[in-house]
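Trainee: Structure incoming, see below.
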Amino acid sequence: MSRIEAITAAVPAAVAADSLGQAVVRVPRESLPAVAAAARDAGFTMFLDLCAVDYLTRDPRFEVVVHLLAMDPPERVRLLAGVPGDDPIAPSITGVFAGADFYEREAFDLFGIGFSGHPDLTRLLLPDDWQGHPLRKDSPVGSVPVVFKAASDRTHETSVGSPSSGHHEPETAT
Amino acid sequence: MASPAGPPNILTVSFNRAVAWARTRSMWPASFGLACCAIEMMATGAAHNDLSRFGMEVFRASPRQADLMIVAGRVSQKMAPVLRQVYDQMAEPKWVISMGACASTGGMFNNYALVQGVDQVVPVDVYVPGCPPGPQSLMHGILTLQEQIQDKARGR
Amino acid sequence: MSKPPHVVTGDLEAPADTQQAKSTDIAAGQSERRSVHEVWVSGTEAPDEMRRFTDEGAQEMLADESEAVLAGQRGSIVVDDYIPGRESPEDEIQILNMGPQHPATHGVLRLHLELDGETIRRVKPIIGYLHTGMEKTAEALSFLQGPTNVTRMDYLSPLHNELCFSLATERLLGIEVPERANAIRVMMTELNRVASHLLWSATTGLDIGALSMMIYGWRERELVLAFFEKTTGLRMNHNYIRPGGVAADLPDGWEEDVAGIITGVRAGLRDYEDLLLDNPIFLERTKGVGVLAPEEIHAFGITGPLARASGIGYDVRRAFPYSGIEQYDFDVPVFDGGDVYDRFLVRFEEIRQSLRIVEQVKGAMPRGDYRSEDRKVTPPPRARIDQSMEALIHHFKIFTEGFKVPAGETYQAVESARGELGMYLVSDGGAKPWRLHVRGPSFAHVQALPAMLTDSLIADTIAALASADPVMGDVDR
């Protein structure tokens, strides 16, 4: 029995598929820790990656993607778990793979997906008091319009922001 | 440059020039390498392009012992207060070289995460463009700064 | 709080923060901090405020963390008590902050260390000081512009980043690149591995105290960088390996240049080994220091020289070969001490093996095109644009809108100088990636720092940290 078959046998809710020649297992989000444990027992002992994707118009909106690796013989598997946009919570797999810690924090930081059971779900890459989750598709890139000196009337050096926004009092953060 | 004694005269200007000469000949940088530009900054200090001939190979770990801060790399929003704190700890006279495109203007990353130009946070004396600027560009920037200091002493 | 005199706001409205499963535990009073899109000129704030700007609140190491957090910070997967624990009174415990501006953290890494005398009890790495939003920027750039962005992630092996992105894009496109392009890619990435390891040995030597390593390592690295500048136009961050092939063919006389690099680096390598490997001070500082056990390697996803120094012989070039690397003869060095000394041995040997591959490529470089013929993907030669309307249109479409990549998702990994560098690329059928996630090896290695550093002496921190070879561009992206 191949490793993938061992996973789908252990957790019936998991569905194996193929994506451009790569092995993929789709799981409902509640079964993610069970499938991760089954994968580890089937031979995928090394944790590689956990990330999130925002599909915006699809339902479920988010997808948590886990990549695992088996060493001997080398084989990879990808676990996909859909997470709905109105209830962005997934169970944490830090109990199965300790290395998922930082990756889940990063997914929380950039996408706002909560991981229940994570020991310390705080922002990782962005400052603590940052508002919003920038990698969501409805979040803009955040580019700042660049004004060239020759085009502006001002005499001081800063060139960021539109010419009118130079000196007004800042609004308090809402 | 007027002195307390009155308008500049031959004595004060010569003294200022001597002081500027001394300052430029041993300007110690604070190590503030952030990203790729830091690698080229290290390359400028290494044997091939030698910063030691300008008296600058000692990158001081403590900003209190440094005169020059070369901001080498992209400054993220999280790093900006740290940058300012390090700059404030340096003693006068101090200068800042903004090395690379990201430090000068935000570079190719015009997005939420970076401060668009380190001159939003600290006053900059010389901007060195490049991504990353090669060691020769950085040295040109350093020499330009030295000229600036000496020109100021001459009252230009 | 006094208003600073000069504030400029960007014109971005932060989106409303509606759905958070667990809000961050921010201390009261910090909500009045200015929004991150304002900048300020400091010097007008009170000292208390200055301190608040760099104290991250929830990110600091606290004395009363939960059990699960403490276990993580103590790195307690495998308890290898180098210095056995003892209960010290509370006033002998000290939390020390190291970084983010520090001469020896290899970038902007911040470590909170809980010290009991000189022994480290807990470690908390705090990252994000180099977060550049590259994954978001990737969604705004076309696939042809993608390599310019990813090349700056792991800035010590930029060609590996570009190769990984190009391979992922080519897999989604379903195209093959010519043999010559593959051979050029292999040669350039192996030279990049050599340059990266040389820099690593220089900076790690400097951190350990062998100051002359800094000069020697850079000396040989300049040979490689000069060749890169001749071929790609830049010393670093080349944007040379692009989807469809490489940007330009190798220059005339490249065989002599490469032969010079091989001889120069081999001679330098002999110097480094004579300098370091038998030196009693070096042995004291590196033997038995920063040990990682195999269980920790599997749990944290540690790959590359770090794993191969602990006995796990995983190399992406062997396990999932790419770009025709399997046709070249090379060994993958594996040692099993797991300490800093073995990591030196692994990397020095990898330099030798990479030079061996480069020599083979040089002797057997295939003729042919350096990029794919598919005109929808690679731009036409400049001369053709004057002659053919179709060539002009292709050129225009490729450089303005970009070529469209069929919808799909893929994960592509390469063996970079630090370990398995992977990219998960999702396309929606458009000209820009829908999502690019980069699995940087250093991100996993920084997570494993508690496991490496706890229950050892603070003097060993620098050696162990340096041997992990973290590149913060890879960690923070």
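Trainee: Across peptide A:110-117, what mean number of C-beta atoms from other chains lies inside 10 Å of a residue's C-beta? Walk me through the numbers before you get to the answer.
Mentor: Values: counts 6, 1, 5, 3, 5, 2, 2, 1.
If you average over the peptide's residues, the count of other-chain Cβ atoms is 3.
Trainee: What is the distance, in nm, between label points placed 7 Å from the Cα along the Cα-to-Cβ direction at C:GLN387 and at C:ASP336?
Mentor: It works out to 6.3 nm between the two label points.
Trainee: State the answer as a single residue: which of C:LEU250, C:LEU292, C:ILE462 lies farthest towards the positive end of the charge dipole of segment C:134-476, with beta carbon charges of +1 for Lys and Arg and -1 for Asp and Glu, about the Cα centre.
Mentor: Farthest towards the positive end: C:LEU250.
Trainee: Same structure again: Evaluate E = 1/(1 + (r/R0)^6) for A:MET1 and B:GLU147, where r is the Cβ-Cβ distance and R0 equals 56 Å; express this FRET efficiency to the nearest 0.05. Show your work: numbers first, answer last.
Mentor: Values: r = 75 Å, r/R0 = 1.34.
Once the sixth-power term is evaluated, E becomes 0.15.
Trainee: I've got another one for you. Taking the Cα of A:ALA10, stepping 7 Å toward and past its beta carbon, and measuring to each backbone N in segment A:43-71: which are under 12 Å?
Mentor: A:43-46
Trainee: Checking the a/c ratio against 1.5 first, then a/b against b/c, what shape does the Cα gyration tensor give for segment B:1-99? Don't skip to the answer; put the middle values down first.
Mentor: Numbers: a/c = 3.02, a/b = 1.63, b/c = 1.86.
Oblate shape, in that a/c is at least 1.5 and b/c is the bigger or equal ratio.
Trainee: Tell me, what is the FRET efficiency for C:ARG356 and C:LYS287 to the nearest 0.05, using R0 = 25 angstrom and their Cβ-Cβ distance as r? Don't jump to the answer; show the numbers that get you there.
Mentor: Working: r = 28 Å, r/R0 = 1.12.
Working from the Cβ atoms, E equals 0.35.
Trainee: A further question on this structure: Can you tally the net charge around C:GLN101? Count Lys and Arg as +1, Asp and Glu as -1, for every other residue whose Cβ sits under 14 Å from the Cβ of C:GLN101. Each step should come with its number before you reach the end.
Mentor: On the way: positive: B:ARG60, B:ARG64, B:LYS78, B:ARG84, C:ARG110; negative: B:ASP88.
Its environment carries a net charge of +4.
Trainee: A further question follows. Roughly how far apart, in whole Å, are the Cα centres of segment C:431-454 and segment C:320-348?
Mentor: 21
Trainee: Could you work out the relative contact order of segment C:369-477? I mean the mean sequence separation of Cα pairs under 8 Å and 6+ apart, divided by the number of residues, in percent.
Mentor: Working: 132 pairs, mean separation 18.2, N = 109.
For segment C:369-477, the relative contact order is 17 percent.
Trainee: Over all alpha-carbon pairs in segment C:252-407, figure out the percentage whose distance exceeds 21 Å. Could the numbers behind the result be given before it?
Mentor: Numbers: 7856 of 12090 pairs.
Everything past 21 Å amounts to 65 percent.
Trainee: Continuing with this model, one more query. Toward the positive end of the charge dipole of segment A:3-135, about the Cα centre and with charges on Cβ (Lys, Arg +1; Asp, Glu -1), which of A:VAL27, A:ALA9, A:PRO134 goes farthest?
Mentor: Result: A:ALA9, furthest along the dipole toward the positive end.
Trainee: Please give the net charge around B:ALA91, taking every other residue with its beta carbon less than 9 angstrom from that of B:ALA91, where Lys and Arg add +1 and Asp and Glu add -1. Please report the intermediate quantities before stating the final value.
Mentor: On the way: positive: B:ARG64, B:LYS94; negative: B:ASP67, B:GLU92.
Net of charged neighbours comes to 0.
Trainee: Among the lysines, which have Cα under 18 Å from the Cα of C:LYS404 when same-chain residues fewer than 8 positions away are ignored?
Mentor: C:LYS376, C:LYS432
Trainee: Under 5 Å between amide H atoms, partner at least 5 residues away or on a different chain: which partners does A:ASP49 have, H built in plane at 1.01 Å?
Mentor: A:HIS67
Trainee: Given labels modelled 7 Å from the Cα in the Cβ direction, how far is it in nm from C:ARG270 to C:ALA226?
Mentor: 2.0
Trainee: How tilted is helix A:100-111 with respect to the longest principal axis of chain A? Cα atoms for both, answer in degrees (0 to 90, nearest 10).
Mentor: Rounded to the nearest ten degrees, it is 40.
Trainee: Mind checking the alpha-carbon convex hull of segment C:134-476 and giving the volume per residue in Å³? Show your work: numbers first, answer last.
Mentor: Numbers: hull volume 41.5 nm³, N = 343.
It comes to 121 Å³ per residue, whole-number rounded.
Trainee: Here is a further query. If I model a spin label as a point 7 Å beyond the Cα along the Cα-Cβ vector, how far apart are those points for B:GLU92 and A:GLN131 in nm?
Mentor: Rounded to a tenth, the inter-label distance reads 3.8 nm.
Trainee: Dipole magnitude of segment C:173-241 about its Cα centre, charges +1 at Lys/Arg Cβ and -1 at Asp/Glu Cβ only, in debye to the nearest 20? Intermediate values should be presented prior to the final figure.
Mentor: Values: 7 positive and 7 negative charges, 22 e Å.
That gives segment C:173-241 a dipole magnitude of about 100 debye.
Trainee: Taking beta carbons within 10 Å but only from partner chains, what does the mean come to for residues C:141-147?
Mentor: Average per residue, whole number: 0.
Trainee: To the nearest 20 debye, what is the magnitude of the charge dipole of segment C:134-476 about its Cα centre, counting +1 on the Cβ of each Lys and Arg and -1 on the Cβ of each Asp and Glu? Intermediate values should be presented prior to the final figure.
Mentor: On the way: 35 positive and 49 negative charges, 199 e Å.
For segment C:134-476, the charge dipole is close to 960 debye.
Trainee: In addition: To the nearest 20 debye, what charge dipole does the protein assembly as shown have about its Cα centre, counting +1 at the Cβ of each Lys and Arg and -1 at the Cβ of each Asp and Glu?
Mentor: Here the protein assembly as shown has a charge dipole of around 2340 debye.
Trainee: In peptide B:53-66, what is the residue-averaged number of other protein chain Cβ atoms found within 10 Å of each Cβ? Don't skip to the answer; put the middle values down first.
Mentor: Values: counts 0, 0, 0, 0, 0, 0, 1, 1, 4, 2, 1, 0, 0, 0.
Per residue, the average neighbour count from other chains is 1.
Trainee: Based on the mean of other beta carbon atoms within 10 Å per residue, what is the order of C:157-170, C:273-286, A:67-80, B:116-129, most packed first?
Mentor: Details: C:157-170: 27.6, C:273-286: 14.6, A:67-80: 19.0, B:116-129: 21.6.
Put in order of decreasing packing, that is C:157-170, B:116-129, A:67-80, C:273-286.
Trainee: Right, something else. Among the lysines, select those whose C-alpha is under 19 Å from the C-alpha of B:LYS78, and discard any that sit fewer than 8 residues away in the same chain.
Mentor: Here the lysines satisfying the reach criterion relative to B:LYS78 are C:LYS124, C:LYS136.
Trainee: Would you mind giving the three semi-axes, in whole Å and largest first, of the ellipsoid equivalent to the protein assembly as shown according to its Cα gyration tensor? Could the numbers behind the result be given before it?
Mentor: On the way: eigenvalues 300, 211, 185 Å².
Each semi-axis is the square root of five times an eigenvalue, giving 39, 32, 30 Å.
Trainee: Also, quick follow-up: Could you list the trypsin sites (Lys or Arg not before Pro) in segment C:86-154 that lie in coil according to DSSP, counting only those with at most 16 other Cβ atoms within 10 Å of their Cβ? Intermediate values should be presented prior to the final figure.
Mentor: On the way: sites: C:ARG86, C:ARG110, C:ARG121, C:ARG122, C:LYS136, C:ARG152; in loops: C:ARG86, C:ARG152.
Those that pass, being in a loop and sparsely packed, are C:ARG86.
Trainee: Hey, another quick one. When all C-alpha to C-alpha distances in segment B:71-156 are sorted into bins of 10 Å, what percent of pairs does each bin hold, rounded to whole numbers?
Mentor: That works out to 18, 45, 31, 6, 0, in percent per bin.
Trainee: Also: Using a cut-off of 10 Å between beta-carbons, work out the net charge of the residues near C:PHE403 (Lys and Arg +1, Asp and Glu -1, C:PHE403 not included). The partial results should precede the final answer.
Mentor: Numbers: positive: C:ARG375, C:LYS376, C:LYS397, C:LYS404; negative: C:ASP374, C:GLU401.
It works out to a net charge of +2.
Trainee: Rank-order A:135-142, B:71-78, C:417-424 by packing density, defined as the average count of other C-beta atoms within 10 Å over each peptide's residues, highest first.
Mentor: On the way: A:135-142: 17.8, B:71-78: 28.2, C:417-424: 26.4.
Per-residue Cβ counts within 10 Å, averaged per peptide and sorted highest first, yield B:71-78, C:417-424, A:135-142.
Trainee: Using the C-alpha atoms of segment A:98-150, what convex hull volume per residue, in cubic angstrom, is computed? Let's see the in-between values first.
Mentor: Working: hull volume 5.5 nm³, N = 53.
Hull volume normalised by residue count: 103 Å³.
Trainee: From the phi of every residue in segment C:174-187, what ³J(HN,Hα) in whole Hz does the Karplus formula 6.51 cos²θ - 1.76 cosθ + 1.60 yield, where θ is phi - 60° and glycine or proline is x?
Mentor: Ordered by residue, 3J(HN,Hα) equals x, 10, 10, 9, x, 4, 5, 4, 4, 5, 4, 4, 4, 5 Hz.
Trainee: From zero outward in steps of 5 Å, how is the percent of C-alpha pairs of segment A:3-135 spread across the bins?
Mentor: 2, 11, 21, 24, 19, 13, 6, 3, 1, 0
Any read-out appearing in this document is the output of simple, stated calculations on the displayed coordinates, not a laboratory observation. Computed from a prediction, not measured in an experiment: that's the story for all the values here. So basically every Cβ, Gly included, is an ideal-geometry build from the backbone, and we count neighbours across all protein chains shown.
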